[in-house]
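Quick notes on the structure that follows.
The values are calculated or read from the model by the stated rules, or taken from the named source; none is laboratory data. Here the structure is a predicted model, which means the values were calculated and not measured. Virtual Cβ from ideal backbone geometry, glycine too; neighbours counted across all protein chains shown. Remember, those area values only see protein heavy atoms, side chains included, never the ligands or the DNA or RNA. Shrake-Rupley method; radii C 1.70, N 1.55, O 1.52, S 1.80 Å.
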Amino acid sequence: MQYQRTLGPLQGIAMTVTTFVGTGLMLLPALSVSQANGFALYAWLITTAIVLPVAFVFALLGSRFPSAGGASHYIGRAFGKKAEKAVGWLFLSILFVGPAVAINIAAAYLAVALNLQQDSVFILSIITVFTTALYALAGIKNSSRFQAMVVVALITVVVLLSWKGDLLGATHTIETPLSWSQWQTASLAIGTIFWCFIGIEVMAHMGAEFKNPARDFPIALLGGMLIVIALYLALVLLITQHHTYGDEITNSQSLALLVGQIFGEPSKKLFAIGAFIIAFANTGMYLLGFARMVQSMSSQGALPRAFSYLSKQGTPIYAVYLVTGLTLASILLSYFSEWSLHWFIEMTNGAFLLIYTLTCITSLKLLPSHQKWLGFMASTTCLLMTYFVGVSMLFALSIFAIAMYFEYYKGRKNLMLDHEIHVQ
């Protein structure tokens, strides 16, 4: 497979921004301020420094071993098919925790648009699950044009808020941590902020598409991430200045509340409608993407064959049913357990972080000698990030251990069956 080398630095910057700007812009700035207070800006800068080496490792692996399999393919090359399949199970396990966050964001903005009370968000979440399932069943696929429109719209909103909301004046809210306890406070948000950078694996497919990868890719990656961080930091300062953060519901609606304070109530409702449409469409595509993963695993024999069935429109309908059921279970767990969205974000982060850590360790084996230092640095920063994610890593580690045991057990069972057939 040969990639077309068509990208220049400007297109690369646009792709990087598109990768990292999404529904996280509607929640993470407020959540990070709630956790780290005036030190949130430093938490964002630290997280960016940790993530950059990992992004470069994915880019190097992608240019050397282009594959649609991404992380699981690299891990499989280094550690075998069993590890590759176990990573596939780990990706699938994210269904138990990840969708609850996206669905809750969509429902929270719908509540603002409809002028409903906070206690209506749970019912709206259930409705959103079923309507996004219908959206996914229609087989609507993510398009780069729609994603580009979303990114442009969100950037425009942030620029207008910065202009009207006195971003320069909001810089007085920045607090510099001077003591160890203050640095600890700043670090509280790092595990959560990592969610902004989920999607690093997309970088693996970009490196080989540049006309001059050695020159243009670093410019694209650094330039794009600088823009992304500038957008998030602008919102961190404005949200702190206008105090549109606090409890879970307020954090989920923070951007709409900020728009309302700066531009007035009518603007708040209009933005909330737009934000719901964006979150709804992204969630529908998210569910369809997981359904495709279920269908692929079914085709490979890892799941029952029924899940590989495709409708006339090419939609894996039984896989969509399964994904919808697991997402609904995630929403119900979130509501009845009263676990916070922060918990679900960190469970999701833990799964992705384990995948990224395994990939960076894999790079020590796959990259040439003169690039191994970057693999070592990325592996070190991933291990550092596990400290900030903390006990939330246990979910991912448990799923991966169970998946590895299952794959080895299945492999031994197949060997025994083959041996018996050979003896007979």
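Some observations on this one:
- Test for Leu258: is it part of a helix (DSSP H, G or I), open to solvent by 40 Å² or more (accessible area, probe 1.4 Å) and closer than 30 Å to Ala108 by Cα: no
- Exactly one residue out of Leu383, Leu415 is open to solvent by 90 Å² or more (accessible area, probe 1.4 Å) and at pLDDT 90 or above: that is Leu383.
- The residue that is nearest to Ala71 (Cα to Cα), among those in segment 348-381 that are of a type in the set (Gly, Ala, Ser) and more than 21 Å from the chain's Cα centre (by Cα), is Ser363.
- Of the helices (runs of 4 or more DSSP H) lying entirely inside segment 152-238, those containing at least 1 residues that are among the small types (Gly, Ala, Ser) and open to solvent by 60 Å² or more (accessible area, probe 1.4 Å) are 180-187.
- Yes/no for Phe130 being at pLDDT below 80, within 22 Å of Leu110 (Cα to Cα) and part of a helix (DSSP H, G or I): no
- Applying the condition of being assigned to a helix (DSSP H, G or I) and surrounded by 22 or more Cβ atoms within 10 Å (Cβ to Cβ) to segment 296-321 and asking which residue is modelled with the lowest pLDDT yields Phe307.
- Residue match in segment 30-45 (condition: within 18 Å of the chain's Cα centre (by Cα), small (Gly, Ala, Ser) and within 19 Å of Ala378 (Cβ to Cβ)): no
- Restricting Lys372, Lys410, Lys365 to those that are at pLDDT below 90, in a helix (DSSP H, G or I), basic (Lys, Arg) and out of contact with any strand residue (DSSP E or B) (no Cβ under 9 Å at 6 or more places or on another chain) reduces the list to Lys410.
- Condition met for Met285 (assigned to a helix (DSSP H, G or I), open to solvent by less than 10 Å² (accessible area, probe 1.4 Å) and at pLDDT below 90): no
- Conditions (1) in contact with a His (Cβ under 7 Å, 6 or more places away or on another chain); (2) open to solvent by 40 Å² or more (accessible area, probe 1.4 Å); (3) not hydrophobic (A, V, I, L, M, F, W, C): number failed by Gly62: (2)
- Close pairs (6 angstrom Cβ cut-off, 6 or more residues apart or separate chains): closer than 12 Å to Thr348 by Cα in segment 379-402, among the basic types (Lys, Arg) and assigned to a helix (DSSP H, G or I) anywhere: none
- Reported count of residues in segment 313-350, each being of a type in the set (Phe, Trp, Tyr) and in contact with a Phe, Trp or Tyr (Cβ under 6 Å, 6 or more places away or on another chain), is 2.
- Residue within segment 343-362 that is part of a loop (DSSP other than H, G, I, E, B) and open to solvent by less than 30 Å² (accessible area, probe 1.4 Å) present: no
- Number of the condition not met by Ile345 [criteria: (1) at pLDDT 90 or above; (2) aliphatic (A, V, I, L, M); (3) over 15 Å from Val54 (Cα atoms)]: (1)
- Against the criterion of being surrounded by fewer than 22 Cβ atoms within 10 Å (Cβ to Cβ) and within 30 Å of Phe276 (Cα to Cα), Phe79 does not qualify.
- Segment 191-202 residues that are in contact (Cβ under 8 Å) with a residue 60 or more places away in the chain and more than 12 Å from Tyr232 (Cα to Cα), paired with ones that are outside any helix (DSSP H, G or I) and open to solvent by 10 Å² or more (accessible area, probe 1.4 Å) (beta carbon under 7 Å, 6 or more apart): none
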